[in-house]
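Just below is one structure, and these are the notes that go with it.
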Amino acid sequence: MLRFFTFLFVFASCATLYAQPAGKFTISGYMKDAANGEALIGATVYITETGTGGITNEYGFYSITLPPANYTLHYSYVGYASVTKTITLSKSERFDIELSADDQQLQEVIIQADIEQANVQNLEMSTNKLDISTIKKVPSFLGEADLLRSLQLLPGVSTVGEGAAGFNVRGGSVGQNLILLDEAPVYNSSHLLGFFSVFNPDAVKDTKLYKGGIPSRYGGRLSSLLDVRMKEGNSKKFEATGGIGSIFSRLAIEAPIVKDKASFIVAVRRSYIDVLARPFVPLLKNGGALNFYDITLKTNYNINPKNRIYLSGYFGRDNFFFERNQGFSWGNATATLRWNHIFNDRLFSNFTAVYSNYDYKLQFGRNDNDSFKWNSQISNYIFKPQFTYFINSNNELNFGGEAIFYTFEPANAVGVSNGAPTDVSIPKKNNLETALYISNSQKISPKLSIDYGLRYSLFNYFGPDSVYTYSNETPGTRRLPIASRYYKSGEVIATYGNWEPRVSFKLQTSPTSSVKGSYNRMVQYLHLISNTTASNPLDVWNPSTNNVKPQIGDQLTVGWFKDLGASRMYELSFEAYYRKTQNQLDYIDGADLLINRYLEGDLLSGEGRAYGLESYFQKKTGRLTGWVAYTLSRTELKVDGINSGNWYPTRFNQTHNLKIAAFYEINKRWSFSANFIYTSGTPTTFPTSRFVSQGILVPYNAEDTRNNVNLPAYHRLDISFQLNGKKLKRNGKERKNTDYWVFGLYNVYARQNPFSIYFSQNNDQRVPQGQPISSQATQLAIIGTIVPSVSYNFKF
């Protein structure tokens, strides 16, 4: 890996020397928001004379190489007024452009299409980019704008129910999504057991979800990539944004440190359920806590036209304590340091160093003589050099590498009984994952474009650790350790290497329609160990080992994209996908997943498949905007030892998934939003028989089936009204600050959606001999009533 990093720098140096093809010159620069200096990601530069152009990268940089001539350049971005510039190109030049927001467009645009008709003309497919203005309009639980809940309104994205942490993409599990906050991985993306996400909307600039066609510079998860980019901070003037809601309040402050050169943003949130309830709830009076908080911050400094540095961080935590010494908590902490360096007008680079940590703590007991404390965590140290070389107007080369050092601490646990401690901790695991990648985005003709790339990943599992060899038992039963071996610090216990090819294409069939396709292989070396209905904070992350192989997924996608209407105000698309996966984990009946040194003996491995059709229709402009998304899909596993070795649906399989989102501008001050969700019930395992022992009814599964019944369908309607504050003072002058109220109703018709169903014996557990025993099924709904909300939001 060190040799490869050396090669990258040598290659970059050579590219610097050979920077310009003969007879051609380069136009390059940054595109920014004129109001706050924020970089515009995915903004467009279009050249009238050639009919070609370019798109800015994640840092707002663009580069286009052309022969000398007179050109008309059009700079544009959705929601902003475009800028036109006429030039005579006789040498390489840099143009940094600032665009001003177009208020009318901001009201109309719902989901950003990176350029006009992006769904038709862009090479990308299976991606969604949801802008913050839309996220803030979507009706949400308790009136608080939430990024993850908004994403769940898009095709191919789902969840197993209310109160479920994370999200599922195209049949993948929660642990198969790579979630990046300013390039730092986030291992638990939820607050309050899944009702809110860890992302403060006041600090988020850009959100992009990849469901397929994932670029070769990303790896490590099978299903999807969620790339969340934070604001850099207003470099023009002081700005404060915040809100006061039913459950928590938030405040974000951003300002220049040196105008147009350095800036910062700090955003904080804190819930206050426990503060309001403490006078009425005795448990909270004795040191109990029921809250979450997070802090998001970022600063940047523009050293000179070719160098810029960014430093960002996040710290958040949830606390659920029933009294001072009993309860649990969990939280994420990240830090990202980035350096953008422009070697020349065609070679852009970014160097990133990341720290990420996720931990949880569980403790109970009345005093130190009788107690139990359990801590677990996963931490990463990451270094990523990335380069983009703009070869010419038809080729863009991306190459780089990545090194991730993992430390897994499954359990640091100590129990104390009558003052005698018992240590049941599980040793730490150390791992190193490295990767190299290269890709080229090529325009072969005006109608055909392709992107092809290759990634190679290498994973090493190191000592110190004791590893076990397990017996070969009947499939589906617990395997017992029969031998062990101790490895010293630094010794390699297991190594895995995998090639990960990526390719995608776009065929422009007409000015308003195109056909796209993609194939990608993804490899995941981490495993989220969980057999609960929904992911929860106490789930354990485990690396691939000598006994647990890495997950491998191959996905093939094809789609048709069409713009409709005279002004192309409607968008229609269909995408069909098929993913085959290897080394998927499931568990024996009665598996012991927590604080188990011999956990691998309870794990089973098999193959998986997920396939489906996603349809999406959107109205992009006008007073009434919105979209309809429908997904027909199936997700299954086949594991020796489960369901007699036959295919069975996963816990998060949903055959039908319908989402409708609508936004209506009533007038300049009032707007209305609504969303409706209908999904098939998720699978669960019901007993197929029962027996009676000493008067107690015991249900059991006699047929060894898994997920043999579907829960009832889930459906819900949410609505909200937004009232914008007046723009003018009484004296007719314009107000400097803006504000608005949000009034919402969640679960309008009080649907009691089932989260799970469990069985129990009626009345007493014991009944007289010979009398029949009756049982009952109980349906559990997390939210079974209408939830009203009101929130006040401001900006000045």
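The values are calculated or read from the model by the stated rules, or taken from the named source; none is laboratory data. Small disclaimer: the values here were computed from a predicted structure and weren't measured. For neighbour counting, all protein chains shown are included, and Cβ atoms are generated from backbone atoms with ideal geometry for every residue, glycine included. The accessibility values were calculated without ligands, DNA or RNA, using every heavy atom of the protein model including side chains. Shrake-Rupley method; radii C 1.70, N 1.55, O 1.52, S 1.80 Å.
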Within segment 564-583, considering residues that are assigned to a strand (DSSP E or B) and charged (D, E, K, R), the one farthest from Lys620 (Cα to Cα): Lys580
Residue match in segment 732-750 (condition: at pLDDT 85 or above and out of contact with any strand residue (DSSP E or B) (no Cβ under 7 Å at 6 or more places or on another chain)): yes
Test: Phe755 is modelled with pLDDT under 90 and open to solvent by 80 Å² or more (accessible area, probe 1.4 Å): no
Options Leu311, Leu222: the member that is within 24 Å of the chain's Cα centre (by Cα), in the same structural domain as Ser173 (by TED's automatic domain parsing) and of a type outside the set (Ser, Thr, Tyr): Leu222
Segments classed as strands (runs of 3 or more DSSP E), wholly inside segment 686-742, with at least 3 members that are polar (S, T, N, Q): 714-724
Selection within segment 525-550 - assigned to a strand (DSSP E or B), touching a Gly at 6+ places or on another chain (Cβ under 9 Å) and under 26 Å from Ser216 (Cβ atoms): Leu526, His527, Leu528, Trp541
In segment 157-167, residue farthest from Phe663 (Cα to Cα) [restricted to those that are at pLDDT 90 or above and open to solvent by less than 10 Å² (accessible area, probe 1.4 Å)]: Phe167
Selection count where residues are part of a strand (DSSP E or B) and over 13 Å from Thr477 (Cα atoms), scope segment 584-615: 12
Residues being touching an Asp or Glu at 6+ places or on another chain (Cβ under 8 Å), surrounded by fewer than 17 Cβ atoms within 10 Å (Cβ to Cβ) and part of a strand (DSSP E or B) - total across segment 56-87: 4
Residues located in segment 646-661, provided they are open to solvent by 20 Å² or more (accessible area, probe 1.4 Å) and outside any strand (DSSP E or B): Asn646, Trp647, Arg651, Phe652, Thr655
Count - residues of segment 475-518 that are more than 13 Å from Asn119 (Cα to Cα) and part of a loop (DSSP other than H, G, I, E, B): 10
Subset of segment 122-131 [modelled with pLDDT under 85 and open to solvent by 10 Å² or more (accessible area, probe 1.4 Å)]: Asp131
Residue tally, condition of a type in the set (Val, Ile, Thr) and farther than 19 Å from Phe199 by Cα, over segment 328-379: 3
Subset of segment 662-707 (residues that are surrounded by 17 or more Cβ atoms within 10 Å (Cβ to Cβ) and touching a Ser or Thr at 6+ places or on another chain (Cβ under 8 Å)): Ala662, Phe663, Ser673, Ala674, Thr679, Ser680, Pro683, Thr684, Leu697, Thr705, Arg706, Asn707
Residues located in segment 241-257, provided they are assigned to a strand (DSSP E or B), among the aliphatic types (A, V, I, L, M) and modelled with pLDDT under 95: Ile244
Test result for Leu528, modelled with pLDDT under 95, within 17 Å of the chain's Cα centre (by Cα) and open to solvent by 10 Å² or more (accessible area, probe 1.4 Å): yes
Unique match (being within 26 Å of Glu571 (Cβ to Cβ) and over 10 Å from the mean Cα position of the chain (by Cα)) among Ser173, Ser126, Ser190: Ser126
Among the candidates Ala252, Ala240, residue that is assigned by TED's automatic domain parsing to the domain that holds Leu397, of a type in the set (A, V, I, L, M, F, W, C) and either surrounded by 21 or more Cβ atoms within 10 Å (Cβ to Cβ) or closer than 30 Å to Gln582 by Cα (or both): Ala252
Of all residues making up segment 65-91, the number that are among the polar types (S, T, N, Q) and in contact (Cβ under 8 Å) with a residue 60 or more places away in the chain: 2
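Quick grid of which residues meet (1) at pLDDT 95 or above; (2) touching a Lys or Arg at 6+ places or on another chain (Cβ under 9 Å); (3) surrounded by fewer than 16 Cβ atoms within 10 Å (Cβ to Cβ):
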site: Tyr578; (1), (2), (3): yes, yes, yes
site: Asp586; (1), (2), (3): no, yes, no
site: Leu593; (1), (2), (3): no, no, no
site: Leu599; (1), (2), (3): no, no, no
site: Gly608; (1), (2), (3): yes, yes, no
site: Tyr611; (1), (2), (3): yes, yes, no
site: Tyr616; (1), (2), (3): yes, no, no
site: Gly622; (1), (2), (3): no, no, yes
Those residues of segment 427-443 which are closer than 21 Å to Ala413 by Cβ and either open to solvent by 30 Å² or more (accessible area, probe 1.4 Å) or outside the structural domain of Asn542 (by TED's automatic domain parsing) (or both), in sequence order: Pro427, Lys428, Asn430
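Listed here are the residues, each with its yes/no results for (1) open to solvent by less than 30 Å² (accessible area, probe 1.4 Å); (2) more than 22 Å from Gly60 (Cα to Cα).
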{"site": "Asp345", "(1), (2)": "no, no"}
{"site": "Tyr355", "(1), (2)": "no, yes"}
{"site": "Lys373", "(1), (2)": "no, yes"}
{"site": "Ser379", "(1), (2)": "yes, yes"}
{"site": "Lys384", "(1), (2)": "yes, no"}
